[in-house]
Amino acid sequence: MTDWPRQPDSRTCGPSSVVVAEALLAGGGHGPWPDFERDVLAMHRRLTGVRDRHGRLQLPWPRMLGTPPWAVARELGGRARRYRQAEVLAALPTPVPVFLGTRWLPRHVVLVLDERDGEPLVYNPAVGAVVPLSSSRWKRRWWAVLPR
């Protein structure tokens with residue numbers, strides 16, 4: 001069984017999902033995760049700041065607002081799209097970040113890894129486990145970051 005890491009704090013679900021996605025895409029990611037907290041916090045800084053071609057921070061994004069989907073798309077080389085389950089499942093086995101929330105705004109990021117009988121199975125960094133997407137307390141599905 002895979003030992004899935006938990007996000008280090010309440011604001012790092014997005015970068016936690018990206019760190020896991022990058023590890024899986026690189027052929028690893030099945031634990032252990034010795035530097036997970038350090039890697040997630042560094043990713044959070046990278047995702048919430050817009051940098052120019054020389055690496056200088058230009059327009060910081062307030063980390064308290066969460067991780068913007070366009071930053072996740074830029075980091076993973078994908079594209080942010082409105083959530084459509086058929087598109088997300090068609091993208092598998094590539095990990096797909098999905099933004100969940102209330103009907104007013106997105107609040108949480110999970111990573112779709114697989115499906116069972118049409119139900120997306122996600123790495124949920126808040127609990128550090130792979131669970132059905134429907135088990136999330138956030139019921140509105142906002143965006144998915146699909147591979148190009």
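Taken across segment 118-131, residues that are hydroxyl-bearing (Ser, Thr, Tyr), surrounded by 14 or more Cβ atoms within 10 Å (Cβ to Cβ) and on the phi < 0 side of the Ramachandran plot do occur, with at least one present.
Scoring GLU75 on the criteria (1) free of Cβ contacts under 8 Å to residues at least 60 places away in the same chain; (2) more than 26 Å from ASP3 (Cα to Cα) leaves a single failure, condition (2). Filtering segment 15-38 to residues that are small (Gly, Ala, Ser) and either modelled with pLDDT of 95 or more or not in a helix (DSSP H, G or I) (or both) leaves SER16, SER17, ALA21, ALA26, GLY27, GLY28, GLY29, GLY31. Of the residues making up segment 97-113, not a single one is within 25 Å of TRP33 (Cα to Cα) and out of contact with any strand residue (DSSP E or B) (no Cβ under 6 Å at 6 or more places or on another chain). Restricting the search to strands (runs of 3 or more DSSP E) fully inside segment 57-138 and requiring at least 1 residues that are among the polar types (S, T, N, Q) gives 57-60, 119-124. Scanning segment 72-105 for residues that are at pLDDT below 95 and buried (at least 22 other Cβ atoms within 10 Å of the Cβ) gives a single hit, VAL72.
The values are calculated or read from the model by the stated rules, or taken from the named source; none is laboratory data. These numbers come from a predicted model, not from an experiment. Methodologically, a virtual Cβ is constructed for each residue, glycine included, from the backbone with ideal geometry; neighbour enumeration extends over all protein chains shown.
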